[in-house]
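Following: one structure in structure tokens, then a few remarks.
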Amino acid sequence: MPPNVNVPDLSATDKERLAQSGMDLAMTNRCGSYLQMDQEIVHSECSAEGIEVLPYKKAMEKYSWLKEYEWNAVSRDKDEITQYVAAQKEPKGYVIIAHKGSSNIVPIQACLFLGREQIQHVHNILIAEEGSELHIISGCTSGEHVGKGGAHYGVSEFYIKKNAKISFTMIHNWSENIEVFPRSASIVEENGVFLSNYVCMQPVKKVQMYPTVTLEGENSVARFSSIVIATAESYMDIGSRAILEGKGASAELITRAITKGGTIISRGHINGKTAGTRGHLECKGLILKDGRIYAIPEIEGSVVGTELSHEAAVGKLAKDEIEYLMSRGLDEDEATATIIRGFLDVKINGLPEALQKQIDASIDVAEKAGF
Amino acid sequence: MLHIENLHVKVGDKEVLHDINLHIGEGETHVLLGPNGSGKTTLLMTIMGFSNYTITEGKILFKGEDVTKMRAHERAKRGIGMLFQRPPTISGLKLGKLLTAISRTKPDNILELAKSVHMDKFMDRDINKGFSGGEIKRSEVLQLMIQNPDFIMLDEPESGVDLENISLMGTAIGSLLEKEKRMSKRQKSGLVITHTGYILDYIETDRGHVMCEGQIRCHGNPREILKDIKQRGYKECMECRQT
């Protein structure tokens, strides 16, 4: 088993917050770790054969060929967030490389912890070389002493080569005073698979992200699942986009959104550019307290032979469903929680059990707090 | 077991049940017949405690306790259970998860019970989503097996079920109602709604009632009533005002 992750000077509350975002400090179910606290890289290692977890700067020094991947999937001039990250003289973040044919079923954890008032910036590059398989859990959280607030600017570039697979499960566990601006994009080659899961059950001031996957290769596959709850003061502008270029490429973008008074803008865009491509976009929203769920599903096809569909629904908990469960002996709160739990239950094919459990655990915490 | 007195029920602004009186003793199973729209399901939903059905007069006593104002889960906890004719589909909620939630203490035998009604392959399926008529009914019976109520209301348990599965349903319901026990030893009671009467080939019933236009118009031997209805239809019932 890989060594424990030593975290300096952290309160029990903050350790608990790290755990809730998926950080397993004892490394019982992880094969590697990257931990960045504010701008300090605390830990970076991986025990899985053929897989490297390196701090960004060190990786760039070690492999000159990484230059080809830097600001390739994501443009450095995309917006003020990418420009800010690109302007850093001391770039932070990680590079994870799964070399040809390697695989880790036990996931790598990457944790970004924001402890002080500031802008935390990271630039991550993840590469799954031909025939490799890489599973990552990325936990993002803030400490109890973050004061008036902070922001997280994160650029992530994913490269999934021929016959390779990356699953990336991101759990956000911020607080009411944090603004988060992930900017990520992925390029998938022939028969490559990219699974991206996003879970945010806790309050956050603002999240804005619109990750894009370009399915360049034949028969490449992408699946995005987002499970989010917006509490009263949260503003979440989230989405995902898939560009289907390779023959037979397919994408599925699934969102389950619940508002308890906050705003969720759920965007989605699938662009079918080649014959034989398929895409499906699904957004289901539940309004538990007056707030806003604004679903903007877009499908765009430009050739004969691309098949795209979308399904969006926003509604309330159905009284007949609640009473049906009550007739089986569940009280109203239990019945409501059981239905919400079901609503959020998106099983992701191809995700290792440890990661599915982590997603379930995040929902458990929200359920125990009464959703 | 169940005693209903002078029950009047409104749905929205309209009174749909008028002066219902019904007594079902311990160990007895009654059958409720009547044309479509006569109020049979309304009566069952009212007894179960669904909030759309407002009791404006009268009362429901269950095991001697007045449950008229209780909510559905309180009635369920006291031993009232129902097999729904058209239960809702609940997206994402797996049958297995619901069964565990119902059982609370004894999830050990869930799979065994599921096998007995051929539902063991449905544990990871969303409740009722894409289920055939027969599968819906088997899922309902399975939930009742785990809930184990003392008084079971069955709303058309045979509708949508093919002949082969009617026998399976009949056996399962018979066992829920402790039909294998001697009559004097039986403690479970039931109230069955049926259109066709097929299910009565599998479940012995003690007494029949005919409902028309929100009233119970007559009582009697269930087989005789059914035979009458098969021969003459509900036309005479509609004209009959006697209760």
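Filtering the stretch B:100-130 to residues that are out of contact with any Pro (no Cβ under 8 Å at 6 or more places or on another chain) and within 14 Å of chain A (Cβ to nearest Cβ) leaves B:Ala101, B:Ile102, B:Ser103, B:Arg104, B:Thr105, B:Lys106, B:Ile110, B:Met123, B:Asp124, B:Arg125, B:Asp126, B:Lys129. Selection of the stretch A:278-326 for residues being more than 30 Å from A:Lys247 (Cα to Cα), within 14 Å of chain B (Cβ to nearest Cβ) and among the charged types (D, E, K, R) yields A:Lys316, A:Lys319, A:Asp320, A:Glu321, A:Glu323. Filtering the stretch A:59-79 to residues that are closer than 16 Å to A:Tyr153 by Cα and either outside the structural domain of A:Tyr159 (by TED's automatic domain parsing) or over 21 Å from the mean Cα position of the chain (by Cα) (or both) leaves only A:Asp77.
Please go through the stretch B:224-235 and give me each residue that is in contact with a strand residue (DSSP E or B) (Cβ under 8 Å, 6 or more places away or on another chain) and not hydroxyl-bearing (Ser, Thr, Tyr), ordered by number. Break it down stepwise before answering.
Going through the stretch B:224-235, the residues in contact with a strand residue (DSSP E or B) (Cβ under 8 Å, 6 or more places away or on another chain) turn out to be B:224-226, B:229, B:234.
Of everything in the stretch B:224-235, those that are in contact with a strand residue (DSSP E or B) (Cβ under 8 Å, 6 or more places away or on another chain) and not hydroxyl-bearing (Ser, Thr, Tyr) turn out to be B:Glu224, B:Ile225, B:Leu226, B:Ile229.
Of all residues in the stretch A:225-242, those satisfying the criterion of being crowded, with 24+ Cβ neighbours inside 10 Å and touching an Asp or Glu at 6+ places or on another chain (Cβ under 9 Å) are A:Ser234, A:Ala242. Would you check if there is a residue in the stretch A:178-199 being assigned to a loop (DSSP other than H, G, I, E, B) and either in contact with a helix residue (DSSP H, G or I) (Cβ under 9 Å, 6 or more places away or on another chain) or in the same structural domain as A:Asp364 (by TED's automatic domain parsing) (or both)? Within the stretch A:178-199, none of the residues are assigned to a loop (DSSP other than H, G, I, E, B) and either in contact with a helix residue (DSSP H, G or I) (Cβ under 9 Å, 6 or more places away or on another chain) or in the same structural domain as A:Asp364 (by TED's automatic domain parsing) (or both).
Every condition in (1) more than 14 Å from B:Met45 (Cα to Cα); (2) touching a Pro at 6+ places or on another chain (Cβ under 7 Å) is met by B:Ile80 except one, and the failing one is (1).
Within the stretch A:119-144, the set of residues being assigned to a loop (DSSP other than H, G, I, E, B), farther than 19 Å from A:Arg17 by Cα and of a type outside the set (Asp, Glu) comprises A:Gly131, A:Ser132. For the stretch A:272-294, filtering for residues that are surrounded by fewer than 21 Cβ atoms within 10 Å (Cβ to Cβ) and among the aliphatic types (A, V, I, L, M) leaves 3.
Taken over the stretch B:34-56, the criterion of being more than 14 Å from chain A (Cβ to nearest Cβ) and either assigned to a helix (DSSP H, G or I) or crowded, with 16+ Cβ neighbours inside 10 Å (or both) is satisfied by B:Gly34, B:Pro35, B:Ser38, B:Gly39, B:Lys40, B:Thr42, B:Leu43, B:Ile55. Screening A:Ile348 with (1) at pLDDT 95 or above; (2) in a loop (DSSP other than H, G, I, E, B); (3) under 21 Å from B:Lys94 (Cα atoms); (4) more than 10 Å from every other protein chain (Cβ to nearest Cβ) gives one miss only, at (1).
Number of residues in the stretch A:168-185 that are surrounded by fewer than 22 Cβ atoms within 10 Å (Cβ to Cβ) and of a type in the set (Ser, Thr, Tyr) equals 1. Write out, first by first residue and then by second, each pair whose Cβ atoms fall under 8 Å of each other, whose residues are 6+ apart or on separate chains, and whose first residue, in the stretch B:34-45, is under 12 Å from B:Val11 (Cβ atoms) while the second is assigned to a loop (DSSP other than H, G, I, E, B). The qualifying pairs are B:Gly39/B:Glu213; B:Gly39/B:Gly214; B:Thr41/B:Gln85; B:Thr42/B:Gly214; B:Met45/B:Asn52.
Considering A:Gly329, A:Gly342, the condition of being surrounded by 16 or more Cβ atoms within 10 Å (Cβ to Cβ), in contact with a helix residue (DSSP H, G or I) (Cβ under 6 Å, 6 or more places away or on another chain) and within 14 Å of another protein chain (Cβ to nearest Cβ) is satisfied by A:Gly329 alone. Restricting A:Glu190, A:Glu218, A:Glu233, A:Glu252 to residues that are modelled with pLDDT under 95 and acidic (Asp, Glu) narrows the list to A:Glu233. Any residue in the stretch A:210-222 that is touching a helix residue (DSSP H, G or I) at 6+ places or on another chain (Cβ under 8 Å), part of a strand (DSSP E or B) and surrounded by 22 or more Cβ atoms within 10 Å (Cβ to Cβ)? Within the stretch A:210-222, not a single residue is touching a helix residue (DSSP H, G or I) at 6+ places or on another chain (Cβ under 8 Å), part of a strand (DSSP E or B) and surrounded by 22 or more Cβ atoms within 10 Å (Cβ to Cβ). Just to verify a result, which residue in the stretch B:75-93, among those that are in a strand (DSSP E or B), more than 7 Å from chain A (Cβ to nearest Cβ) and in contact with a Phe, Trp or Tyr (Cβ under 9 Å, 6 or more places away or on another chain), is nearest to A:Lys284 (Cα to Cα)? So the residue we want is B:Gly81. With the structure loaded, tell me whether A:Ala354 is closer than 29 Å to A:Ser220 by Cβ, within 20 Å of the chain's Cα centre (by Cα) and modelled with pLDDT of 95 or more or whether it fails that test. Here the answer is no, as A:Ala354 does not meet what is asked.
For the stretch B:118-130, the condition of being surrounded by 17 or more Cβ atoms within 10 Å (Cβ to Cβ) and part of a helix (DSSP H, G or I) holds for at least one residue.
The values are calculated or read from the model by the stated rules, or taken from the named source; none is laboratory data. Note that this is a predicted model, so its numbers are computed, not measured. Glycine gets a Cβ as well: all are built from the backbone with ideal geometry, and neighbour counts include every protein chain shown.
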